[in-house]
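S.K.: Below is one structure. I have some questions about it.
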Amino acid sequence: MRISIQITLVFSVLVLATSCSCERMNEAKNAVNAVKNLAENAESIQESLEEADKRMEERKERGDTVAIHYEQLAEYLPDAFDGYQRNGDLQGATTKTPGLGSYSTVSQEYQNQSGDKLEINIVDYNTAYAMYTTVMGAYAAGFEIDNTEQQVKGFQHSDDVKGWTILQKKDQKAEAYAGVSDRFHIAVKADNQDNVDFVVDVTTKEVPVDKLAKL
């Protein structure tokens, strides 16, 4: 099991690296370092997956097998913050897929007076275990990238809330991705950013992640 997980994650990282500016030597070097990290962290990856599986089984035993309906999930989106107001309509959906489980997703765009945009997406994967572990595999792998174009690194808000950030340096775009209690996944993307501090703050402070972690 551990070997197959490692091979899958290695392949994913290589695809990611080769799909972005593959002609550049520093990109290749980052890909090699990422693969090395995967090998060194295979045990922790396995432990993370086992913990996620345990939490899913506990939810099943409680009869909690359906994702929150997207209209209820939308209540965890902020109305406004730091000069940002909602821009456009809420996007949401609840899906039940045989063999994959139940999941819901909501997405809302925000904009400030300067025209800067930010998007928040929340997904409740609940029993869609395979989908959640695929999304969070990058954090479990513990890889980091830093070059002239982007910086990728992990962050941890608490034992229940952790993920990774991406800074697109030339485009000045920042992204934060967080898993919450092996169930919820939050993505925050913002333009006109020269670091990831703001998107991490939005993820961990404007979205009530500690409340979500208790569900």
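S.K.: Go over the candidates Tyr84, Tyr76, Tyr70 one by one and state the one that is among the aromatic types (Phe, Trp, Tyr) and more than 27 Å from Asp197 (Cα to Cα).
M.R.: Tyr70
S.K.: If you take the residues in the range 154-174 that are part of a strand (DSSP E or B) and among the charged types (D, E, K, R), which one is modelled with the highest pLDDT? Break it down stepwise before answering.
M.R.: So in the range 154-174, the residues part of a strand (DSSP E or B) come out as 154-156, 161-168, 173-174.
Subset that is among the charged types (D, E, K, R): 162, 173.
Numbers: Lys162: 91, Lys173: 98.
Residue satisfying both the conditions and the ranking: Lys173.
S.K.: Among the numbered criteria (1) under 17 Å from Tyr76 (Cα atoms); (2) among the small types (Gly, Ala, Ser); (3) at pLDDT 95 or above, which one does Ser181 miss?
M.R.: Failed condition: (3).
S.K.: Restrict the check to the range 146-166 and report whether at least one residue is closer than 19 Å to Gln85 by Cα, free of Cβ contacts under 8 Å to residues at least 40 places away in the same chain and in contact with a strand residue (DSSP E or B) (Cβ under 8 Å, 6 or more places away or on another chain).
M.R.: no
S.K.: If Gly142 passes every condition in (1) touching a residue at least 40 places away in the same chain (Cβ under 8 Å); (2) within 22 Å of Val207 (Cα to Cα) but one, which one does it miss?
M.R.: (2)
S.K.: Can you name the residue in the range 99-119 that is over 16 Å from Val202 (Cβ atoms) and within 22 Å of the chain's Cα centre (by Cα) and, of all such residues, is surrounded by the fewest Cβ atoms within 10 Å (Cβ to Cβ)?
M.R.: Only one residue tops the list, namely Leu100.
S.K.: Taking the condition of being within 19 Å of Val209 (Cα to Cα) and either of a type in the set (Gly, Ala, Ser) or under 14 Å from the mean Cα position of the chain (by Cα) (or both), how many residues in the range 154-195 meet it?
M.R.: The first filter runs over the range 154-195 and keeps only residues within 19 Å of Val209 (Cα to Cα), leaving 154-165, 175-190.
Among the residues that remain, those that are also either of a type in the set (Gly, Ala, Ser) or under 14 Å from the mean Cα position of the chain (by Cα) (or both) are: 154-158, 160-165, 175-190.
Residues that pass the stated criteria total 27.
S.K.: Which of the residues that make up the range 124-153 are within 17 Å of Val199 (Cβ to Cβ), modelled with pLDDT of 90 or more and under 15 Å from the mean Cα position of the chain (by Cα)?
M.R.: Val152, Lys153
The values are calculated or read from the model by the stated rules, or taken from the named source; none is laboratory data. If you're wondering where the values come from, they're calculated on a predicted model, not measured in any experiment. Using ideal geometry, Cβ is built from the backbone for each residue, glycine included, and neighbour counts are taken over all protein chains shown.
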